[in-house]
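Take a look at the structure set out below.
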């Protein structure tokens, strides 16, 4: 009986909401878009169920950079990859495009009350406290930490290769290694915490974070797409009750990981406060955040829940994203041996400079001064943005400016689109990063030299790094983008300097699995989780 009443309430609420939307003065119904096959599901499941970017590219080619799609029960949404529209949503408009309620509560389940979920003044306050932990001077501390952990991975790969029959090469499943190495690196750099993931320690957090996003969000169904839409129409307390109590295995896994992370985070946070009180502050990110928070005006300080939320956010956002980006980098280097050879030559030339001056490690300045390395990193971030789409909702009636005019289904040509309050918007990171108006006709070709030749449009500034949208932009840009880029530079430098990567039969059929982040899987073996088997050989020093 209770279930029947709950379902009746949801249906009544949904119907009322849709009738209200139909009667609105402003409508986006005349924006071009694909036909929908089902009133119940719309064509939103197509966007969620395909490979990451697959449907974005198809609809972008057919309908342009602003596409109307239908979600559950005929609800209209926009898929946006237009540079000027994205600039408006993320920069010009301030905080007028907010996260949908359903995504907010799912995000809260993953990260708690961190900066990813903050809006408006709360976001400004949190960002101000967080900035000192991610500034330029701190990079000098983090880079040696990155090299320690990638060096450990390199050593273990060499042992693995030496144990093979020919002692020349081995097939290595890249994601499992990069995930463990980056987890160890962020544990030390961010929290002064030892996960021991590369040493196969039985740390419960290491086990919990392994394949967390894949296990939670991979292989979505029509019904899961329907649930995501319906959640956005429910009161927050109903959504929160669902994500906290629903006996769903995937949610139970996330809840258990969240609780375990909070337990460890509380202990670490107390240690940071004690170290600061003893005038022995730590230089890890959380140590710097605690110091910055203490010195803030009491009215603007973060409370303990918000501080714990930052720790969860750093773990969640800074681990899998970097690990997967590194994995995609090695795939592209295996696909393009000429790129790999040129990159290795640049790294070794810089290494000679480092040794000549009497140093044994690359510095931040060394990493920044390798133009081809920077070009490769930017091209991977463009070609394989690990976070491929972001959801937003218009908080009020608004006008969305366009980079180029759109012809509506009525025949009218418009240079801006009126959108009603409550319009859901999918900001297509993959779509923008392959937009031919920005990157040229070869936007779907992996080519690092585009960054050296500078053959891309800079007319509309969108992103914080190379005008990519991979770290978002404006007020909501990723606060840790510099940290992530330096970590990628350090890891790529070390592995390419030591190894040569080539394709295997399995790696020639890699999918870009859409599971909250873009994760590599082998076609026909998706149930095995994230995989990228590459042949790895120790490089000659001749």
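Only residues that are part of a loop (DSSP other than H, G, I, E, B) and buried (at least 18 other Cβ atoms within 10 Å of the Cβ) were counted across region 435-445, and they come to 2.
Does region 495-517 include one or more residues that are in a loop (DSSP other than H, G, I, E, B), more than 23 Å from the chain's Cα centre (by Cα) and farther than 22 Å from residue 136 by Cβ?
Start the filter on region 495-517 by keeping residues that are in a loop (DSSP other than H, G, I, E, B), which leaves 504-505, 516.
Going one step further and asking which of them are more than 23 Å from the chain's Cα centre (by Cα), we end up with 504-505.
Now restrict to residues that are farther than 22 Å from residue 136 by Cβ: 504-505.
Checked against the condition, which is being in a loop (DSSP other than H, G, I, E, B), more than 23 Å from the chain's Cα centre (by Cα) and farther than 22 Å from residue 136 by Cβ, region 495-517 yields at least one hit.
Matching residues to (1) surrounded by fewer than 21 Cβ atoms within 10 Å (Cβ to Cβ); (2) more than 30 Å from residue 242 (Cα to Cα); (3) at pLDDT 85 or above; (4) within 19 Å of the chain's Cα centre (by Cα):
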position: 71; (1), (2), (3), (4): no, no, yes, no
position: 80; (1), (2), (3), (4): no, no, yes, yes
position: 84; (1), (2), (3), (4): yes, yes, yes, no
position: 95; (1), (2), (3), (4): yes, no, yes, no
position: 107; (1), (2), (3), (4): yes, no, no, yes
position: 110; (1), (2), (3), (4): no, no, no, yes
position: 127; (1), (2), (3), (4): yes, no, yes, yes
position: 132; (1), (2), (3), (4): yes, yes, no, no
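Find the helices (runs of 4 or more DSSP H) located wholly in region 87-201 whose residues include 2 or more that are in contact with a strand residue (DSSP E or B) (Cβ under 6 Å, 6 or more places away or on another chain) and within 24 Å of residue 330 (Cα to Cα), and list them.
In region 87-201, 139-162 are the helices (runs of 4 or more DSSP H) which contain 2 or more residues that are in contact with a strand residue (DSSP E or B) (Cβ under 6 Å, 6 or more places away or on another chain) and within 24 Å of residue 330 (Cα to Cα).
Within region 525-542, the only residue that satisfies the criterion of being free of Cβ contacts under 8 Å to residues at least 60 places away in the same chain, within 25 Å of the chain's Cα centre (by Cα) and outside any helix (DSSP H, G or I) is 525. Scoring residue 191 on the criteria (1) over 21 Å from the mean Cα position of the chain (by Cα); (2) surrounded by 19 or more Cβ atoms within 10 Å (Cβ to Cβ) leaves a single failure, condition (1).
I'd like to check something: does region 284-294 contain any residue that is in contact (Cβ under 8 Å) with a residue 60 or more places away in the chain and not in a helix (DSSP H, G or I)? Let's see the steps before the verdict.
Residues of region 284-294 in contact (Cβ under 8 Å) with a residue 60 or more places away in the chain: 284-289, 291-293.
From what's left, not in a helix (DSSP H, G or I): 284.
Among the residues of region 284-294, at least one is in contact (Cβ under 8 Å) with a residue 60 or more places away in the chain and not in a helix (DSSP H, G or I), which makes the answer yes.
The set of residues in region 297-311 being closer than 23 Å to residue 192 by Cα and either surrounded by fewer than 24 Cβ atoms within 10 Å (Cβ to Cβ) or touching a strand residue (DSSP E or B) at 6+ places or on another chain (Cβ under 7 Å) (or both) consists of 301, 303, 304, 305, 306, 308.
Residue-by-condition table, conditions (1) modelled with pLDDT of 95 or more; (2) closer than 30 Å to residue 460 by Cβ; (3) surrounded by fewer than 18 Cβ atoms within 10 Å (Cβ to Cβ):
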site	(1), (2), (3)
493	yes, no, no
504	yes, no, yes
511	yes, no, no
514	no, yes, no
530	no, no, no
536	yes, no, no
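Evaluation of residue 421 against the conditions (1) touching a helix residue (DSSP H, G or I) at 6+ places or on another chain (Cβ under 9 Å); (2) in contact (Cβ under 8 Å) with a residue 24 or more places away in the chain; (3) in a loop (DSSP other than H, G, I, E, B); (4) surrounded by fewer than 22 Cβ atoms within 10 Å (Cβ to Cβ) shows that the sole unmet condition is (1). Against the conditions (1) modelled with pLDDT of 95 or more; (2) surrounded by fewer than 22 Cβ atoms within 10 Å (Cβ to Cβ), residue 391 satisfies every one except (1).
What do you reckon, is residue 181 surrounded by 19 or more Cβ atoms within 10 Å (Cβ to Cβ), within 21 Å of residue 485 (Cβ to Cβ) and modelled with pLDDT of 95 or more? In short, yes.
Conditions (1) in a loop (DSSP other than H, G, I, E, B); (2) surrounded by 22 or more Cβ atoms within 10 Å (Cβ to Cβ); (3) modelled with pLDDT of 95 or more, marked per residue:
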position: 269; (1), (2), (3): no, no, no
position: 273; (1), (2), (3): no, no, no
position: 281; (1), (2), (3): yes, no, no
position: 316; (1), (2), (3): no, yes, no
position: 328; (1), (2), (3): no, yes, yes
position: 334; (1), (2), (3): no, yes, yes
position: 351; (1), (2), (3): no, no, yes
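For residue 483, the conditions (1) at pLDDT below 95; (2) assigned to a loop (DSSP other than H, G, I, E, B) are fulfilled apart from (2). Across region 446-469, not a single residue is classified as in a strand (DSSP E or B) and either under 28 Å from residue 232 (Cβ atoms) or touching a strand residue (DSSP E or B) at 6+ places or on another chain (Cβ under 7 Å) (or both). Just so you know, in region 56-69 the residues that are part of a helix (DSSP H, G or I), without any contact (Cβ under 8 Å) to a residue 40 or more places away in the chain and touching a strand residue (DSSP E or B) at 6+ places or on another chain (Cβ under 9 Å) include one that is surrounded by the fewest Cβ atoms within 10 Å (Cβ to Cβ), and it is 63.
The values are calculated or read from the model by the stated rules, or taken from the named source; none is laboratory data. Predicted, not measured: the structure shown is a model, and the values here were computed from it. Quick reminder, even Gly has a Cβ in these numbers, built from the backbone with ideal geometry, and neighbours come from all protein chains shown.
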